[in-house]
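To keep things clear, I will list the structure first and then write my remarks on it.
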Amino acid sequence: NMDILHPSFLRLVRAARALLGWSQQDLASQSGVSLSTLNRLERGGGDPSVNSLRLIHKTFEQAGIRFITESSGTIGVTLSKQVAEAGKL
């Protein structure tokens with residue numbers, strides 16, 4: 001599991017949204033984090049609150065997304081097989 005404070009977490013938010021086919025507005029609606037905050041975070045601006053990061057992470061995990069960090073330093077996002085097979089994309 002990836003630490004939400006890891007600098008790469010914010011870079012993976014867009015990738016996670018893409019796996020789910022979500023817009024920033026979709027993520028805002030699902031997570032309760034404002035659209036302006038999400039837009040700023042994805043552009044690398046601002047200093048996100050830990051609460052916002054937790055909400056984003058929890059929302060993605062509930063949707064079947066897993067953030068991974070391997071011992072080799074490789075990072076990424078995956079979509080659970082169940083969600084992919086259920087055609088929820």
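Condition first: part of a helix (DSSP H, G or I) and within 11 Å of the chain's Cα centre (by Cα). Now tell me which residues in the range 17-27 satisfy that. Even if it seems obvious, please write down each step before you answer.
Let us first name the residues in the range 17-27 that are part of a helix (DSSP H, G or I), namely 17-20, 24-27.
Across the range 17-27, the qualifying residues are Arg17, Ala18, Leu19, Leu20, Gln24, Leu27.
So Ile4 fits all but one of (1) more than 22 Å from Ser72 (Cβ to Cβ); (2) of a type in the set (A, V, I, L, M); (3) buried (at least 16 other Cβ atoms within 10 Å of the Cβ); what number is the exception?
(1)
Among the residues of the range 64-79, how many are under 10 Å from the mean Cα position of the chain (by Cα) and either open to solvent by less than 60 Å² (accessible area, probe 1.4 Å) or at pLDDT 95 or above (or both)?
Within the range 64-79, the first condition is being under 10 Å from the mean Cα position of the chain (by Cα), and the residues that meet it are 65-67, 77.
Imposing the further condition that a residue be either open to solvent by less than 60 Å² (accessible area, probe 1.4 Å) or at pLDDT 95 or above (or both) reduces the set to 65, 67, 77.
Qualifying residue count for the region: 3.
Take the range 58-89 and flag every residue that is within 16 Å of Leu10 (Cα to Cα) and in contact with a Ser or Thr (Cβ under 9 Å, 6 or more places away or on another chain).
Lys58, Thr59, Phe60, Ile65, Arg66, Phe67, Ile68, Thr69, Ile75, Gly76
On the given criteria, is Ser36 among the hydroxyl-bearing types (Ser, Thr, Tyr) and either in contact (Cβ under 8 Å) with a residue 24 or more places away in the chain or in contact with a helix residue (DSSP H, G or I) (Cβ under 7 Å, 6 or more places away or on another chain) (or both)? Before you say what the answer is, go through the steps one by one.
On the way: among the hydroxyl-bearing types (Ser, Thr, Tyr): yes; either in contact (Cβ under 8 Å) with a residue 24 or more places away in the chain or in contact with a helix residue (DSSP H, G or I) (Cβ under 7 Å, 6 or more places away or on another chain) (or both): no.
Criteria not met by Ser36.
Starting from residues that are touching a strand residue (DSSP E or B) at 6+ places or on another chain (Cβ under 9 Å) and assigned to a helix (DSSP H, G or I), keep the ones in the range 32-63 and report whichever is surrounded by the fewest Cβ atoms within 10 Å (Cβ to Cβ).
Taking the range 32-63 as the starting set, the residues that turn out to be touching a strand residue (DSSP E or B) at 6+ places or on another chain (Cβ under 9 Å) are 57, 59-61, 63.
Subsequent filtering for residues that are assigned to a helix (DSSP H, G or I) retains 57, 59-61.
Details: His57: 20, Thr59: 21, Phe60: 24, Glu61: 14.
Step by step, filter the range 32-63, then rank; the result is Glu61.
Restricting to the range 22-31, give me the number of residues that are under 16 Å from Ile4 (Cβ atoms) and open to solvent by 30 Å² or more (accessible area, probe 1.4 Å). So that I can check it myself, show each step before the final result.
Just the residues of the range 22-31 that are under 16 Å from Ile4 (Cβ atoms), to begin with: 27, 31.
Narrowing the set further to residues that are open to solvent by 30 Å² or more (accessible area, probe 1.4 Å) leaves none.
Count: 0.
Looking only at the range 80-89, how many residues end up being at pLDDT below 80 and either open to solvent by less than 90 Å² (accessible area, probe 1.4 Å) or within 16 Å of His6 (Cα to Cα) (or both)?
Here the count works out to 4.
If I ask for residues that are within 11 Å of the chain's Cα centre (by Cα) and open to solvent by 30 Å² or more (accessible area, probe 1.4 Å), which ones from the range 7-16 would you list?
Quick first cut of the range 7-16, residues within 11 Å of the chain's Cα centre (by Cα) only: 8-16.
Across the range 7-16, the qualifying residues are Leu10, Arg11, Arg14, Ala15.
One residue is enough: does the range 41-61 have a residue meeting the conditions free of Cβ contacts under 8 Å to residues at least 24 places away in the same chain and within 19 Å of Gly21 (Cβ to Cβ)? Outline the logic, then answer.
Looking only at the range 41-61, we keep the residues that are free of Cβ contacts under 8 Å to residues at least 24 places away in the same chain, and these are 43, 45-47, 49, 51-52, 61.
Narrowing the set further to residues that are within 19 Å of Gly21 (Cβ to Cβ) leaves 61.
Within the range 41-61 (the criterion being free of Cβ contacts under 8 Å to residues at least 24 places away in the same chain and within 19 Å of Gly21 (Cβ to Cβ)), the answer is yes, since at least one residue qualifies.
The values are calculated or read from the model by the stated rules, or taken from the named source; none is laboratory data. Bear in mind the structure is a predicted one, so any value in this text is a computation, not a measurement. Backbone-built Cβ (ideal geometry, glycine too); neighbour counts: all protein chains shown. To get the accessible areas, we keep the full protein, side chains included, count just its heavy atoms, and leave off ligands, DNA and RNA. Shrake-Rupley method; radii C 1.70, N 1.55, O 1.52, S 1.80 Å.
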